[in-house]
1. Quick check on segment 332-355. Is at least one of its residues of a type outside the set (Gly, Ala, Ser) and farther than 24 Å from ALA255 by Cβ?
2. Scan segment 440-470 residue by residue and report those that are exposed (fewer than 12 other Cβ atoms within 10 Å of the Cβ) and outside any helix (DSSP H, G or I).
3. Mind checking whether some residue in segment 336-349 is within 36 Å of the chain's Cα centre (by Cα) and not in a helix (DSSP H, G or I)?
4. Filter segment 114-149 down to the residues that are among the acidic types (Asp, Glu) and under 19 Å from GLU362 (Cβ atoms) and list them by number.
5. Can you tell me how many residues in segment 299-308 are surrounded by fewer than 16 Cβ atoms within 10 Å (Cβ to Cβ) and either in contact with a helix residue (DSSP H, G or I) (Cβ under 8 Å, 6 or more places away or on another chain) or small (Gly, Ala, Ser) (or both)?
6. Answer yes or no: is there a residue in segment 220-236 that is surrounded by 20 or more Cβ atoms within 10 Å (Cβ to Cβ) and among the charged types (D, E, K, R).
7. List the residue pairs whose Cβ atoms are under 7 Å apart, where the first residue sits in segment 165-181 and is in a helix (DSSP H, G or I) and among the hydroxyl-bearing types (Ser, Thr, Tyr), the second is modelled with pLDDT under 95 and surrounded by 14 or more Cβ atoms within 10 Å (Cβ to Cβ), and the two are 6 or more positions apart or on different chains.
Amino acid sequence: MNDRYETPLSGRYASREMQYIFSPDKKFRTWRALWIALAEAEMELGLPITQEQIDQMKQHQNDINYEVANAREREVRHDVMAHVYAFGEQCPLAKPIIHLGATSCYVGDNTDLILMHEGLRLVQKKLASLINVLKKFALEYKSLPTLAFTHFQPAQPTTVGKRATLWMQELLIDLADVEYLLENAKLLGCKGTTGTQASFMELFSGDNEKVRALDRKIVEKMGYHSCYPVSGQTYSRKEDSRVLNVLSGIAQSAAKFSNDIRLLQHLKEVEEPFEKNQIGSSAMAYKRNPMRSERIASLARFVMADAINPAVTAATQWFERTLDDSANKRMSVPEAFLAVDGILNLYLNVADGLVVYPKVIEQHLLRELPFMATENIMMDAVLRGGDRQLLHERVRVHSMAAARIVKEEGGENDLLERIAADPAFSTDVESLKKLIRPENFVGRAPKQVEEFIQEVVDPVLERYADDLDQRGEVNV
């Protein structure tokens, strides 16, 4: 519809898979699954509920009568009770026992947790696929020397592949955080209005063990191992904050990568993919702007800022519950997931199509390398009988003169020619060029790439062998 606002997270950025996880249909189907689990557990523990009632509920679990529910909500101003009513209209036999003993947070909070966990599982697969893509890139360019930068000033050389391991390492940290959240995933269970389970104690005539068993049965039926041992009416809102902090961490890693690519594209050393008919600028037809990397940075900023929402919510909950979390949660949590999904789609797309320009990289490196190699040049001259103190002074003078030519006159770095012409060094340009081969200045970088992948990356990716097929689709 073009006459009302629609979030760009759905229309432009997030995958259909992530959109469905946080869709109304997924939410309300999960509500009904929870009502069925509650009824089954109550029946198994001796309450007067029949299999016929449960069968009728199962029959209508997924054919939700939205028109009835929406009309009822406009009347009663309560979404859960509207859907209890609508479910009851479809299941007249089960109508008296739907939601028996439960509060709204039974379906609302348990569903929120389930959807976050499903979202994390999709994020998990995309992170693993992304690490796998970067692994291939790192291995391909493990030995290609390039200028490293500290403070964005030329520094001791590294390799293109070694730089990629820095991106990978941050993603591995993020993946470990996601794994931790999923390994410790819990449901709220069925705790009642203030978390005391008083209504269920009433239903089960004060049988403490049956009330405890009700929690366990519901959790197992929903595919979980445990629930929070204590709660108010809701699960602790710190859980939302914890999840969004992990999503924020992923955004931080992606933003760092995108900034590196934007800077490298400015240097013309590495570019993000650019499609045949893509337009870089409406005014300057020759431009190839790093649009996708900029979009990563933009979405990442949104996620990092969004993470403050559940933090403030968690900090301002009153006693056993207040409702000032509700409107905020409806936006902040799903939108963080949709934005991170969009970020990972873009990251996958960019990483899988990076274009490297070795000649430009070599040109930039050779322009700076003579300055960095002066210690090696000095030591070589000393070994051939030169005076180190004299050589040091001559190097200082020649370096300053060469730097002036580069900076003030825009000329080429002629330091090697100056040194070769100085009798104190007893050498020539060709000998100096052999001495300062770029590969001699990258230290252990190629080996570091190999070791990192063999010892750290591969053991992780082995666990995800069946989940490395995620692709980065860019919608617009």
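1. no
2. Once the filter is applied, which keeps residues that are exposed (fewer than 12 other Cβ atoms within 10 Å of the Cβ) and outside any helix (DSSP H, G or I), segment 440-470 yields ARG444, ARG463, ALA465, ASP466, ASP469.
3. For segment 336-349, residues within 36 Å of the chain's Cα centre (by Cα) and not in a helix (DSSP H, G or I): absent.
4. Within segment 114-149, just GLU140 meets the criteria.
5. The number of residues fulfilling the criteria is 2.
6. No, segment 220-236 has no match at all.
7. Listed pairs, sorted by first residue: none to list.
Yes/no matrix, rows are residues, columns are (1) crowded, with 20+ Cβ neighbours inside 10 Å; (2) more than 39 Å from the chain's Cα centre (by Cα); (3) in contact (Cβ under 8 Å) with a residue 24 or more places away in the chain:
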site	(1), (2), (3)
GLN56	no, yes, yes
GLN59	no, no, yes
VAL68	no, no, no
ARG74	no, no, no
ALA94	yes, yes, yes
VAL107	yes, no, yes
THR111	yes, no, yes
MET116	yes, no, yes
GLY119	yes, no, yes
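The values are calculated or read from the model by the stated rules, or taken from the named source; none is laboratory data. The structure displayed is predicted, hence computed values, not measured ones. We place every Cβ from the backbone using ideal geometry, glycine too, and count neighbours over all the protein chains shown.
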